[in-house]
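**Q** The following block contains the structure, expressed as C-alpha cells.
FYI, it's all coordinate maths here, none of it is from the lab. Small disclaimer: the values here were computed from a predicted structure and weren't measured. As a convention, Cβ positions derive from the backbone with ideal geometry for all residues, glycine included, and neighbour counts pool all protein chains shown.
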Amino acid sequence: MRSDRYGVREAEPLDRVTAEQPRLTTQIGRLSMKNPVMVASGTFGYGPEYDGLVDMSRLGAVVVKGISPWAHHGNETPRTVEVTSGLINAIGLQNPGFEGFCEKYLPFWERVDVPLIVNIWGRTLQDYGDVAGMFEQVPRVDALELNISCPNIKEGGIAFGTKLEMAREVVSLVREKTTKPLITKLSPNVSDIAAFARAVEDAGSDAISLINSMPAMKIDIKRRRPVLANVTGGLTGPCIRPIAVKLVWEAAQAVRIPIIGMGGIEKLEDALEFFMAGARAVAVGTANFYDPSFAPGLPGMIADYLSREGLPSMDAIVGAALPSRA
C-alpha cells in the first residue's frame, strides 16, 4: 500500500484483483459474524417488525432495542421530529422488560439464523447487573450491548457514560454477571473519548460501539414551544456522521478491542469512512426508517468495492486512515 500526503493509504492497482470473493467475516470479541454490517439499537425494533420486509440473513448481526429489567413506557408524545439531515428522538427507552422480551420476541429469534445482540440499560448499577444476569441464562442471545448513556438516578441524573469512574464501574459489574461478549456503547458527550474507551476496555468490555445520539432540540416557532414533549432528544442521521467518524478515529488509536462505528451511514462511502477510521464493523441506524433495504444490501456493496480495489479482505481497509497505518 502507498500513502498520500495526508497519511491515508491508497488502494493497490486493480490488476491485483483475484477471482476469489473478498472475505467479509468479522470477529467482535468471541462473536463471529459473516460480514461487518449490523443494525443499530432502537432503529430495528425487536426483529419481527422487519420480518418479510428485509432479508435479515444478509446481515452480520441484529442489535435489538434496549431492554431493562422491568417494562418501561417511555416518554410522552410527540417523541420524534425530523430536522435537516437528521432525526431527533425522545422515545425514552420504551420496552417490554426482560420477561416481556423473552415471551413475545424470543420465539421469533429461535427461527432466525442471525447473531442476536441485546442492548441493555438501567437507572442504577444494580439494574445493569440484574438485566445482564438475566440474559446470561438465555442461550439464543449471542452478545450484550451496554447502553451507558442513561442517567444514574442515585447520582443526581449524571449519565453513566459521562463520568469516567462510573463508566468503569458499570462495565466491571456487568462483566462479572455475564460470560457473553460485551459491547459498550459510548456516549459522544465527553471531552476525551480515548480515556473512556481505555476505561471500558480495562474494565472488561470486549468491544466498543460509538457513537450514541447527540443531545438536541427543535422549537416550533408558531407555538413558540419545544416540539418534543420531553423538550430535548437524541440527534441521529447523516448530520452527525463527521463527528462519529472523528470519535471512532480517536478511540481506535487508544484501544486494542474492536470498534463498531455508527452515525449517519446511508451509503457505501459512509461505511468505508468508518472502516478506514478504525471500525471493525458498522451499524446502520436512522437509514433503516427510510430505506430498510440499505443495511441488508451493504455487505454486497462492500464486497464489490473490495473486489474492484483488488483487496482480499476487510483487513486491507480497517484502520487505513490511522496514523499508525499511514
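**Q** May I ask you to list the residues of region 249-276 whose amide nitrogen lies under 17 Å from a point 7 Å from Cα along the Cα→beta-carbon direction of M301?
**A** 261-276
**Q** Considering amide H positions built from the backbone, and no H for Pro or chain starts, which residues 5 or more places from G45, or on another chain, come under 5 Å of its amide H?
**A** K65
**Q** Roughly how tilted is helix 125-136, in degrees to the nearest 10 and between 0 and 90, from the longest Cα axis of the chain?
**A** Value to nearest ten degrees: 60.
**Q** For region 63-124, what class follows from the C-alpha gyration tensor (a ≥ b ≥ c being the square roots of its eigenvalues): rounded when a/c is under 1.5, otherwise prolate if a/b is larger than b/c, else oblate?
**A** Cα axes put region 63-124 in the oblate bin.
**Q** Just the Kirkwood number for region 161-290, please: inverse of mean 1/r across all distinct Cα pairs, in Å, one decimal. Can you show the working numbers first?
**A** On the way: mean 1/r = 0.0643 Å⁻¹.
With all distinct Cα pairs of region 161-290 included, I get 15.6 Å.
**Q** While we're looking at this one, here's another question. As a quick test, which of the pairs K154/K180; K163/K246; K65/K180; K65/K222 have an alpha carbon distance above 22 angstrom in this structure?
**A** K154/K180; K65/K222
**Q** In degrees between 0 and 90, to the nearest 10, how far off the longest principal axis of the chain does helix 164-177 point, with axes built from Cα atoms?
**A** 90 degrees
**Q** Could you compute the net charge surrounding P181? Neighbours are other residues with a C-beta less than 9 Å from the C-beta of P181; K and R count +1, D and E count -1.
**A** Here the charged neighbours net out to 0.
**Q** Then there's this: In nanometres, what is the gap between the two model label sites at Q27 and A229, each 7 Å from Cα along Cα-to-Cβ?
**A** Taking the two extended label points, one gets 4.7 nm.
**Q** Where does the longest stretch of the chain lie that holds no GluC sites (Glu not before Pro) found in a DSSP loop with 16 or fewer other Cβ atoms within 10 Å?
**A** Free of exposed loop sites, the longest segment is 111-326.
**Q** Just check region 51-90 against the gyration tensor rule for me: Cα atoms, a ≥ b ≥ c as the square roots of the eigenvalues, rounded for a/c under 1.5, and otherwise prolate or oblate depending on whether a/b exceeds b/c.
**A** Here region 51-90 falls in the oblate category.
**Q** Let me ask something additional. Taking only C-alpha pairs under 8 Å that are 6+ residues apart, what is the relative contact order of the chain in percent?
**A** 23 percent
**Q** Using a Förster radius of 25 Å, what is the FRET efficiency between I243 and A194 based on their Cβ-Cβ separation? Nearest 0.05, please.
**A** Computed FRET efficiency for I243 and A194: 0.95.
**Q** Could you work out the relative contact order of region 141-261? I mean the mean sequence separation of Cα pairs under 8 Å and 6+ apart, divided by the number of residues, in percent.
**A** Computed over region 141-261, the figure is 24 percent.
**Q** Another one. Can you give the angle from 0 to 90° between the axis of helix 193-202 and the longest principal axis of the chain, with both taken from C-alpha atoms, to the nearest 10?
**A** For 193-202 against the chain, the angle is about 80 degrees.
**Q** Right, another one. Show the residues, 5+ positions off or on another chain, whose built amide H is closer than 5 Å to the amide H of G264.
**A** G237, G285, T286
**Q** What is the magnitude of the charge dipole of the chain about its Cα centre, with +1 placed on the Cβ of each Lys and Arg, -1 on the Cβ of each Asp and Glu, and no other charges, expressed in debye to the nearest 20? Walk me through the intermediate numbers first.
**A** Numbers: 34 positive and 37 negative charges, 133 e Å.
Charge dipole, the chain, about its Cα centre: 640 debye, nearest 20.
**Q** Which distance in Å, rounded to a whole number, links the C-alpha centroids of region 284-318 and region 176-255?
**A** Their Cα centres are 22 Å away from one another.
**Q** Further question on the same structure: So if we plug the beta-carbon distance of D315 and L268 into 1/(1 + (r/R0)^6) with R0 = 22 Å, what FRET efficiency do we get, rounded to 0.05?
**A** 0.75
**Q** Which value at 222 nm does the chain reach when only helices count, each DSSP H run of 4 or more adding -39,500 (n - 2.57), with the total divided by all residues and rounded to the nearest 500 deg cm²/dmol?
**A** -8000 deg cm²/dmol
**Q** Another question about this same structure. Kindly provide the trypsin sites (Lys or Arg not before Pro) of region 253-316 that DSSP labels as loop, not H, G, I, E or B, and whose Cβ sees at most 12 other Cβ atoms within 10 Å. Walk me through the numbers before you get to the answer.
**A** On the way: sites: R256, K267, R280, R308; in loops: R256, K267, R280.
Taking region 253-316 and a limit of 12 other Cβ atoms within 10 Å, the loop trypsin sites (Lys or Arg not before Pro) found are R256.
**Q** log10 I(q)/I(0), Debye, Cα-only the chain, no solvent, q = 0.07, 0.10 Å⁻¹?
**A** Results for the chain at q = 0.07, 0.10 Å⁻¹ read -0.27, -0.55.
**Q** Go through region 83-91 residue by residue and turn each phi into a ³J(HN,Hα) via Karplus (6.51, -1.76, 1.60, θ = phi - 60°); whole Hz please, and just put x for glycine and proline.
**A** 10, 4, 6, x, 9, 10, 10, 9, 4
**Q** Report the calculated FRET efficiency for L164 and I221 (r = Cβ-Cβ distance, R0 = 51 Å), to the nearest 0.05.
**A** E(calc), rounded to 0.05, equals 0.85.
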